[in-house]
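Remarks on the structure that follows.
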Amino acid sequence: MKKKQFRLLMLLSAIALFILAACGTDSSTGSDKPEYLSLLTGGTQGTYYALGGTFADLITTETDIKTTAEVSQASAANMTALQDGKGEIAFVQTDIAYYATEGKLMFDGKKIDSIAALGALYPETVQLVTTEASGIKTYADLKGKKVSVGAPGSGTYANAEQLLEIHGLTMDDVKAQNLDFGESTDGLQSGQIDAAFITAGTPTGAVEALNATTKVNIIGVDAGKVDELIAKYPYYAKDTVKAGTYGIANDTETVSVLAMLAVKKDLPDDVVYAMTKAIYDNTDKISHAKGAFIKAETALDGISIDIHPGAQKYFDEKK
């Protein structure tokens, strides 16, 4: 009898341990809190990387989860990297996040269903940068010229393609160069390329550095083409590169998309809540000029993919 009781006791103990272990891995409890997080940004001279370091520090300080900002090839590549488990948080343009979750354009046949939004950040201006020496004044002048259209897999590439299209051009009409921001400005300075598309918050560090040694011009979108572009691709918004930026003499009309943060859907709700709070409760600690645009009350603007429940909880509390 004692032997049977002992076996029963052991069996009950094993069941209890199993239940406790199962409870311990419930993502809603927060006990599955990761030790490390990788925040995928962009090239070292872009706004993503500059802001990414600040965000990583805020998350590390406020959540006690060691977070590191990683150099990457930006938007589209970041979505694939999240899908492949090479990071947990990533910067991305709102349009690219939409393409990824819908399986469109560069994600045709490669739909990504493992990501959700943490929140929107700031407008990303599509800047067509050239130099005074190039002689380029309009989009039509790009024909036959060496033009950087963004790093492979970047959101900049999609913007360049769509803006060329709305001006009656294609990638075949230019000598397309797949360069990141730093390589683009180096190429402009050396004369190896004639123009470069750079989609980033203004002022962009790489363009400011170029302007320190070379007279910079920003080519505006042709009159009437902004409305035409927005009618076809509604995730764009009207934008202006203000006079004085990079030393330009006049306001230059262009368009922008929004920068946002995406996260892995399987991150625990309480972890994403804490990350969201760490960023949006501490915007006063963001020294970059784009910090002025990062606000909880506008963080859901322009988001066209699912919001992570942890982030949604934070924003609901802020209402």
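The values are calculated or read from the model by the stated rules, or taken from the named source; none is laboratory data. Model, not experiment: these values are computed from the prediction. All Cβ positions, glycine included, derive from the backbone under ideal geometry; neighbour counts span all protein chains shown. SASA here: full protein model, heavy atoms, side chains in, ligands and nucleic acids out. Shrake-Rupley method; radii C 1.70, N 1.55, O 1.52, S 1.80 Å.
Please report, in debye to the nearest 20, how large the charge dipole of the chain is about its Cα centre when each Lys and Arg carries +1 at its beta carbon and each Asp and Glu carries -1 there.
Working: 29 positive and 41 negative charges, 228 e Å.
The calculated dipole for the chain is roughly 1100 debye.
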Take Lys143 and Asp57, extend 7 Å from each Cα along the Cα→Cβ direction, and tell me the distance between the two endpoints in nm.
5.0 nm
In the chain, taking the dipole from +1 charges on Lys and Arg beta carbons and -1 charges on Asp and Glu beta carbons about the Cα centre, the listed residue (Gly144, Ala243, Tyr273) farthest towards the positive end is Tyr273
Name the shape class, rounded, prolate or oblate, that the alpha-carbon gyration tensor gives for the range 168-319, where a ≥ b ≥ c are the square roots of its eigenvalues, rounded holds for a/c under 1.5, and otherwise prolate holds if a/b is larger than b/c and oblate otherwise.
prolate
Relative contact order for the range 202-319: what is it in percent, counting Cα pairs under 8 Å that are at least 6 residues apart?
22 percent
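How much accessible area per residue does the chain have, in Å², with a 1.4 Å probe?
On the way: 14750 Å² over 319 residues.
Result: 46 Å² of accessible area for each residue.
Going through the DSSP H helices of the chain, which span 15 Å or more along their own axis at the Cα atoms while scoring at least 0.0 as a mean Kyte-Doolittle hydropathy? Working shown, then result.
Details: long enough: 2-24 (33 Å, 1.22); 47-63 (23 Å, 0.27); 155-166 (17 Å, -0.06); 269-280 (16 Å, 0.35).
Long hydrophobic helices here: 2-24, 47-63, 269-280.
For the chain, give the share of DSSP beta bridges that are antiparallel, in percent and rounded to the nearest 5; count only bridges with both residues there. Provide the component values of the computation, followed by the final result.
Numbers: 29 of 42 bridges.
Just about 70 percent of them are antiparallel.
How would Ile230, Ile218 rank on accessible area, largest to smallest, probe 1.4 Å? Spell out each step's value before the answer.
On the way: Ile230 45, Ile218 20 Å².
Descending order: Ile230, Ile218.
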Rounded Å value of the spacing that divides the Cα centres of the range 88-167 and the range 233-274
12 Å
When we measure straight from the Cα of Lys66, which lysines land under 19 angstrom away, once same-chain ones fewer than 8 places off are left out?
Lys33, Lys86, Lys264, Lys277, Lys285
Simple SL model, points at 7 angstrom along Cα→Cβ for Gln192 and Lys86; separation in nm is 2.3 nm
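Within the accessible area of the chain, what % is carbon and sulfur when the probe is 1.4 Å and the other protein chains stay in place? Mind dumping the intermediate values first?
On the way: 7640 of 14750 Å².
Carbon and sulfur: 52 percent of the exposed surface of the chain.
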For the range 200-319, whose charge dipole is built from +1 on Lys and Arg Cβ atoms and -1 on Asp and Glu Cβ atoms, the candidate among Phe293, Tyr233, Thr202 with its Cα farthest towards the positive end is Thr202
Between Asp113 and Ala249, what's the calculated FRET efficiency when r is the beta-carbon distance and R0 is 35 Å? Round to 0.05.
0.15
Gyration tensor verdict on the chain (Cα atoms; rounded if a/c is under 1.5, prolate if a/b is larger than b/c, oblate otherwise):
prolate
